[in-house]
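S.K.: Next up is a structure, given as structure tokens.
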Amino acid sequence: MVQKQQSAAGLDTEPKKRRRVGFSPVDTGVEANECIKIYLVSSKEEVDSPEISCVTPVDLNDFFDGDGKIYGYQGLKINVWINSISLHSYADITYQSTINGDKGITDLKSSLQKIFAETIVDNKDEFLQTFSTEKDFIRNMVSNGEVIHSGVTDGSRNNAVVAQSDLQVLRMEIGSPNAGLLYSRLVPLVLLFVDGSNPIDVTDPDWHLYLLIQKKEEKEEPYRIVGFTAIYKFYRYPDRLRMRLSQILVLPSFQGKGLGSYLMEVVNKVAVAENVYDLTVEEPSEKFQHIRTCIDISRLLAFDPIKPAIDSAVQTLTKGKLSKKAQIPRFTPPLSAIEQVRETLKINKKQFLKCWEILIYLALDPIDKYMEDYTSVITNHVRTDILGKDIEAPKKQVVDVPSSYELEASFVVFKSLNGEETNSNVQVDENKPDQEQQLKQLVEERIKEIKLVAEKVSKVKI
């Protein structure tokens, strides 16, 4: 091996200094949920006021790339103010210092624009001016809207800070003048407060906005959007239309006042008046499903044509110990009742089956006496929902069996007692205890939901 020789002069020189290698400091970041607060305000005096409480949005971490954290800032605080009159927004961003760590520095402006888009205003003074310069925005936007309902509804209760005499529901086709612009300003509210929702296609004329407006006669008082819902109409063969409710929101400052029920009752009236095939809801949240079911139960209790079917189901359930029987009847409504409810009330089959369980519960008196049998019925329903099959109907099953005659062509045919299909080979489920525990938990949750609805409906009746 040939080695490079050092010169004599090289031996006398000072040793070379080692080059320092810099490492970026570790930045653990901060979750968006921890440093961002959202405020809905209706006047410039409310901006920065300590008396205004922040509202709780959905998971803000979802709007930030990767792990939902913001990097590069020490002591970061972001207060976002939303003008509930013009729907503009302003982000007040403060921090102690920046640090260009191993994750870089998050571009806050582009991240916030993912939520607020063109509604966000860079300058605070400009934002404060929108309370005066755009105070008639809602009034102007809905001027061409179709008035669907004004004032009180049949089933609504007036426990809101908004007098129902000041309420109005207007309908706007998304392709109509102003509707697209109005919805574009509503999109940030959809993203922030409607979990898992995405903006609708404003180029599709089959979308309609139903806007719940607080409207006062005084000219100086601005219109306010209390809530809204987006509904899609689509064709059903051969000559009917169906309505699908996709998004519904009551603004946080108006929630808990019965206004969601108010809006839903108006939508139900429209479905009946326009004789659509039925009304469906796209992936309802638990909270909205509870409100919807309470409304539908009240309507069904006043619907006389199904009362004989309810009485018949209750009579069968109260005869004996169903929980001791090997096969429990399904206790589903007759097809004629399902059709009558759909045609008259526009309640779809899936929703009616949920309501049917509650109608039976309400009709059992005393409920404690029959609770064990009722629980057996609900267990049967939940098990069927999980399996996706009707466990009551017997079905023929083909099962391969070992045979010395011909291994590939031996089988037996039998009719299952509970109608459950099996795999090609009968196997013992080693996880059955776990499945039974999960089933029990699901049944308990279903019964809890039933009791909550029954309790609320009973209070309204009183």
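The values are calculated or read from the model by the stated rules, or taken from the named source; none is laboratory data. If you're wondering where the values come from, they're calculated on a predicted model, not measured in any experiment. Cβ: placed from backbone, ideal geometry, glycine included. Neighbour counts: every protein chain shown. In case anyone asks, the SASA skips ligands and DNA or RNA and just uses the protein heavy atoms, side chains included. Shrake-Rupley method; radii C 1.70, N 1.55, O 1.52, S 1.80 Å.
S.K.: Would you please name the residue that is least open to solvent (accessible area, probe 1.4 Å), looking only at residues in the range 233-261 that are in contact (Cβ under 8 Å) with a residue 24 or more places away in the chain and among the polar types (S, T, N, Q)?
M.R.: Checked the range 233-261; the qualifying residue least open to solvent (accessible area, probe 1.4 Å) is GLN247.
S.K.: For residues that are touching a Lys or Arg at 6+ places or on another chain (Cβ under 7 Å) and either open to solvent by 40 Å² or more (accessible area, probe 1.4 Å) or aromatic (Phe, Trp, Tyr) (or both), scanning just the range 221-232, find the one that is nearest to VAL190 (Cα to Cα).
M.R.: TYR232
S.K.: Using beta carbons and a limit of 9 Å, which pairs, at least six apart or on different chains, have the first residue in the range 303-314 and without any contact (Cβ under 8 Å) to a residue 24 or more places away in the chain and the second one among the small types (Gly, Ala, Ser)?
M.R.: Matching pairs, first to second residue: PRO308/ALA337.
S.K.: Might you check whether a residue that is touching a residue at least 12 places away in the same chain (Cβ under 8 Å), open to solvent by less than 80 Å² (accessible area, probe 1.4 Å) and small (Gly, Ala, Ser) occurs anywhere in the range 326-335?
M.R.: Taking every residue of the range 326-335 in turn, none turns out to be touching a residue at least 12 places away in the same chain (Cβ under 8 Å), open to solvent by less than 80 Å² (accessible area, probe 1.4 Å) and small (Gly, Ala, Ser).
S.K.: Any residue in the range 27-39 that is in the same structural domain as ILE85 (by the TED database) sitting within a Cβ distance under 9 Å of a residue that is open to solvent by 70 Å² or more (accessible area, probe 1.4 Å) and part of a strand (DSSP E or B)? List the pairs, counting only those 6 or more apart or interchain.
M.R.: Hits for this filter: CYS35/LYS77; ILE36/LYS77; LYS37/LYS77.
S.K.: Suppose we filter the range 180-212 for residues that are in contact with a Phe, Trp or Tyr (Cβ under 7 Å, 6 or more places away or on another chain) and not in a loop (DSSP other than H, G, I, E, B); how many remain?
M.R.: Number satisfying all stated conditions: 7.
S.K.: Then there's this: For the range 1-114, which strands (runs of 3 or more DSSP E) that fit wholly inside it have 2 or more residues that are open to solvent by 40 Å² or more (accessible area, probe 1.4 Å) and either modelled with pLDDT of 85 or more or of a type outside the set (Gly, Ala, Ser) (or both)?
M.R.: Those strands (runs of 3 or more DSSP E) span 77-83, 89-94.
S.K.: How do the pairs read when you match residues in the range 425-447 that are at negative phi and modelled with pLDDT under 70 with residues anywhere that are loosely packed, with under 13 Cβ neighbours inside 10 Å and not basic (Lys, Arg), using Cβ under 8 Å and keeping only pairs 6 or more apart or on different chains?
M.R.: Every condition considered, the pairs that remain are ASP429/GLN435.
S.K.: Right, another one. Filter the range 117-159 down to the residues that are of a type in the set (A, V, I, L, M, F, W, C) and not in a helix (DSSP H, G or I), then identify the one that is modelled with the lowest pLDDT.
M.R.: Ranking the candidates gives VAL152 first.
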